[in-house]
1. Specify which of the listed residues (B:ALA82, B:ALA39) is crowded, with 20+ Cβ neighbours inside 10 Å, among the aliphatic types (A, V, I, L, M) and under 21 Å from B:PRO129 (Cβ atoms).
2. If you take the residues in segment B:124-136 that are assigned to a loop (DSSP other than H, G, I, E, B) and away from chain C (no Cβ under 13 Å), which one is nearest to B:PRO159 (Cα to Cα)?
3. Tell me which residues, restricted to segment B:20-63, are in contact (Cβ under 8 Å) with a residue 60 or more places away in the chain, assigned to a helix (DSSP H, G or I) and among the hydrophobic types (A, V, I, L, M, F, W, C).
4. Is there a residue being more than 14 Å from chain A (Cβ to nearest Cβ), crowded, with 17+ Cβ neighbours inside 10 Å and within 24 Å of C:ILE74 (Cα to Cα) anywhere in segment C:20-36?
5. Hey, any hits in segment B:162-174 for a residue that's touching a residue at least 40 places away in the same chain (Cβ under 8 Å), in contact with a Leu (Cβ under 9 Å, 6 or more places away or on another chain) and hydrophobic (A, V, I, L, M, F, W, C)?
6. Tell me the residue from B:GLN143, B:GLN91 that is among the polar types (S, T, N, Q), within 14 Å of chain C (Cβ to nearest Cβ) and in a helix (DSSP H, G or I), please.
7. Show me the strands (runs of 3 or more DSSP E) entirely contained within segment A:69-160 in which 1 or more residues are of a type in the set (D, E, K, R).
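The values are calculated or read from the model by the stated rules, or taken from the named source; none is laboratory data. Remember, it's a predicted structure, so these values are computed and weren't measured experimentally. Note that each Cβ is placed from the backbone with ideal geometry, even for glycine, and that neighbours are counted across all protein chains shown.
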Amino acid sequence: MTNELVHARIEQQRPGLLVGYETAYDGMLSVETSREQIGALLEFLRDDELLQFHFLTTLCGIHFPEEKDRELCVMYQLHNWRKNIRIRVKVFFPVEDPHLPTATTLWAAANWMERETYDFYGVRFVGHPNLTRILNVEDLDVFPMRKEYRLEDGTRTDKDDRFLGGEGHEGRQFD
Amino acid sequence: MTKIAEMPEGFAGEGFFATSLSKAVGIARANSIWPLPFATSCCGIEFMATMGTDYDLSRFGMERLSFSPRQSDLLMVMGTIAKKMAPVLKQVYTQMAEPKWVIAVGACASSGGIFDTYSVLQGIDKVIPVDVYVPGCPPRPEQIIDGIMKIQELVKNEPLRRRFSPEYQHLLEKYQIA
Amino acid sequence: MNGEKIVSAEPTIGYIHRAFEKLAEHRPYNQITPITDRLNYCSSPINNMGWHMTVEKLAKIEVPKRAQYMRVIIMELALWTAP
């Protein structure tokens, strides 16, 4: 089974589900769909008797701050163990309104992955049974993997990098 | 030839030896420290090598690792402490009975190390008082042994009244440990 | 808990979350190698190899045969030491 066959099968069985597709740099088929269609597409990919993408390898968020109304992206990677072929599904949506239907109804494994995506990017998965922070402390009030948040700990007081071309840490007064 | 430990200052005479209680207790404590390993990452692996036969930490009187904080004297923090872990570490420290000592093994426990990020505690001395810092990423077992010997030196020379002194109470208050 | 009996348990993770992804965003690629070393400290060369292969794929670098053999030897040695 090849990427072309997979793409042709999706277009033939469910026309209109895909927004775009490409073969990525690593030779994997990468398809893009819309927020409304993602649930139907994932279900089709899992249940179609020819495609059989029955295994959810990973699911994660991506942040593109420059792209207007396409800032946030959620990427699913599916794997067909019988034919050993993989597919990548991407959904883009604006950062102001980050919500997406959950995939936990299709794969139980999506539970923690979606919690992680919520934790780091603030994507709300509608229908998720327990959408709370998973890796970070629970009272954190930012979504740290978005590009606008800085890497370093803001409360740190023992580092003065002004002489190395930095501007010191925010909120710290140097005397 | 058997090597015998050095005698502390005191008066020796026919059939008796007199020294201060503080010194005697100090020697006894220093040679029977029960460590509580709090190993979260790579430095913990080095500590396992230190406990093994090659380096053999047991010869310092640390035969028994205590995994209950209530029965241990020395808290060995080895590895990165994330901010989520910090309350756990503080709780373990408060559960330990006095007198207690803390050794921070490795760059992460001492200062945050290479993980200068929002989720990592930048040194455990932000939450609990530390007696000895061991540098290295991760430190060699020799370095850990050196840190242990420094702790023994501290324990040996600690006055009995130190834990009741206002300075010590002030130190604990600074860390909001009652 | 019901007395000494555990009735239900809920797994919680993230106690050594070190923001590795965010670090990797901010550092040049050759400075990531020491960080992947410390991901799994029992078999660090294997983690390094994963990172190096990613960089090679992104930069379209062909690795010489000799280096590939050396990698396999190093990874096998790491496999022995890993528990």
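1. The conditions single out B:ALA82.
2. If we take residues in segment B:124-136 being assigned to a loop (DSSP other than H, G, I, E, B) and away from chain C (no Cβ under 13 Å), then B:ASP131 is nearest to B:PRO159 (Cα to Cα).
3. Within segment B:20-63, B:LEU21, B:VAL25, B:ILE27, B:ALA30, B:CYS42, B:CYS43, B:ILE45, B:PHE47, B:ALA49, B:LEU57, B:PHE60 qualify.
4. Scanning segment C:20-36 turns up at least one residue that is more than 14 Å from chain A (Cβ to nearest Cβ), crowded, with 17+ Cβ neighbours inside 10 Å and within 24 Å of C:ILE74 (Cα to Cα).
5. no
6. Only one candidate passes the filter, namely B:GLN91.
7. Correct list: A:85-93, A:124-126.
Yes or no, residue by residue, for (1) within 10 Å of chain C (Cβ to nearest Cβ); (2) without any contact (Cβ under 8 Å) to a residue 12 or more places away in the chain:
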{"residue": "B:ILE81", "(1), (2)": "yes, no"}
{"residue": "B:MET96", "(1), (2)": "no, no"}
{"residue": "B:ALA107", "(1), (2)": "no, no"}
{"residue": "B:GLN122", "(1), (2)": "no, yes"}
